[in-house]
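Working notes for the structure below.
The values are calculated or read from the model by the stated rules, or taken from the named source; none is laboratory data. Quantities reported herein were computed from a predicted structural model and do not represent experimental measurements. Every residue, glycine as well, gets a Cβ built from its backbone with ideal geometry; the counts of neighbours run over all protein chains shown.
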Amino acid sequence: MSTVITSQKLAKFPGIKAVVSTRSFGNQSFQHSSISEKETILNRRRFFDKQGINADFVVNTGLSHEDKVYCARISDRGRGAMAKKTIIPNYDGLVTNNRNVFLMVTVADCFPIFYYDPKANCIGIAHAGWRGVLNGISINVIDEMKKVAGSKPEDIIVFIGPGIQACHFEVSIDLASQFENAFGSEVIVSRGGNRYANLSMAIKSQLESSGINSCNIEISSECTYCADGILSSYRRDKGGYIAQAAVIGMI
């Protein structure tokens, strides 16, 4: 595998940069309690430089595992990119219709969701864990794109990046019931007396219900738990996990 994960659909657009880092770039999150900010800054610098991304153009949020979406403006460039104190707190989604504004979230089992509307020239990104999925973070990004740029769902292309897949995302009986009530029984897999949730299927269902064409949705086949040595997994690695960066920008 290459040192980053990309989308085949988004790669068709030369003006779009959309990447997910791998373990080779080290921890990318300022919210990791046992890795220093200095080390994370060095890791980010190496990742940004390798991808040809100007760190001064990056906007990064402090995640809350909820459903809030922030509209990033030119004046926000650099916030949270190379200093924890400048991070935009408590947002799990970002949207912009400005070029040279790179939207960034960090993930380590939760799914990064990339959005691009080539007609309205608008992009978005979401950090989607089980709470965010149940609260509709994927839908809220679309709604913000509508407000910011007049995007139409049928024009939006979406890439659901790597996250923990149903093969390893074991959930409680209560949480399984919540997912079944929200998305139907097909998102829960029963195996060996345990229940596993298919978050990527749930996200796809939300996107389609919002008007995104199924042919415009790409889902990564990578499971963070399975891809040991390539991707970090919070559930697998526990205290030894590191976070991947997910970044999208219009050049």
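Counting the residues of the range 15-52 that are under 22 Å from Ile157 (Cα atoms) and either surrounded by 13 or more Cβ atoms within 10 Å (Cβ to Cβ) or free of Cβ contacts under 8 Å to residues at least 24 places away in the same chain (or both) gives 7. Annotation: Ala245 fulfils all but one of (1) in a helix (DSSP H, G or I); (2) buried (at least 20 other Cβ atoms within 10 Å of the Cβ); (3) touching a residue at least 60 places away in the same chain (Cβ under 8 Å); the unmet one is (1).
Of all residue pairs spaced 6 or more apart or on separate chains, those with beta-carbon atoms under 6 Å, a first member in the range 106-118 that is on the phi > 0 side of the Ramachandran plot and a second member that is at pLDDT 95 or above and polar (S, T, N, Q) are Asp109/Thr224; Asp109/Ser233. Residues that are aromatic (Phe, Trp, Tyr) and closer than 28 Å to Ile123 by Cβ within the range 180-211 comprise just one, Phe183.
Among residues that are among the β-branched types (Val, Ile, Thr) and in a helix (DSSP H, G or I), Ile230 is not included.
Met82 fulfils the conditions (1) closer than 21 Å to Ala202 by Cβ; (2) in contact (Cβ under 8 Å) with a residue 40 or more places away in the chain except for a single criterion, (1).
Annotation: of all residues in the range 1-14 being under 18 Å from Ala243 (Cα atoms) and not hydrophobic (A, V, I, L, M, F, W, C), the one that is surrounded by the fewest Cβ atoms within 10 Å (Cβ to Cβ) is Ser2.
Criterion applied to Gly229, Gly192, Gly184 was being of a type in the set (Gly, Ala, Ser), over 26 Å from Ile157 (Cβ atoms) and without any contact (Cβ under 8 Å) to a residue 24 or more places away in the chain, and the one residue passing it is Gly192.
From the set of residues in the range 60-92 that are within 14 Å of Ala245 (Cα to Cα) and not in a loop (DSSP other than H, G, I, E, B), which is modelled with the lowest pLDDT? Walk me through how you get there before you give the answer.
We begin by selecting, within the range 60-92, every residue within 14 Å of Ala245 (Cα to Cα); these are 60-63, 80-82, 92.
Checking which are not in a loop (DSSP other than H, G, I, E, B) leaves us with 60-62.
Values: Asn60: 98, Thr61: 94, Gly62: 90.
This residue is Gly62.
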